[in-house]
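Reviewing the structure listed below.
The values are calculated or read from the model by the stated rules, or taken from the named source; none is laboratory data. Everything quoted here is computed from the prediction, not taken from an experiment. Virtual Cβ from ideal backbone geometry, glycine too; neighbours counted across all protein chains shown. For the accessible areas, the whole protein counts, side chains as well, though only heavy atoms, and no ligand, DNA or RNA atoms are used. Shrake-Rupley method; radii C 1.70, N 1.55, O 1.52, S 1.80 Å.
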Amino acid sequence: EPDVTIVSGLKDMVVFEGDDVTFRCQVSHENARDVEWKLQDVALQNNEMNEISVEKGKIHTLTLRKVTEQDIGTIAFRVGPHTSTA
């Protein structure tokens, strides 16, 4: 299985409380396994507040819905040994 790397990393975002924010990270290969999103070192799951998806096989997206002050912090995307943060 080829080593999946991060082609285009996360970008810092500034949003207003109550808005949605989307982070995108592009990887080198489709169907990447061992992928994880974190907010302040807490693993995020796909639910009504966090939408985790993959576009075109290589672009992993995380949308945080109706953000609050508690959502301030570092977002991390990890694939295998590679990590990108914003």
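Condition first: closer than 18 Å to D12 by Cα and touching a Gly at 6+ places or on another chain (Cβ under 8 Å). Can you find one or more residues in region 32-43 that meet it? Yes: one or more hits. The set of residues in region 7-45 being open to solvent by less than 70 Å² (accessible area, probe 1.4 Å), touching a Lys or Arg at 6+ places or on another chain (Cβ under 9 Å) and in contact (Cβ under 8 Å) with a residue 60 or more places away in the chain consists of L10, F23. If the condition is being open to solvent by 60 Å² or more (accessible area, probe 1.4 Å) and either at pLDDT below 95 or farther than 25 Å from S28 by Cβ (or both), then region 46-76 contributes N47, E48, M49, E55, K56, R65, K66, E69, Q70, I72.
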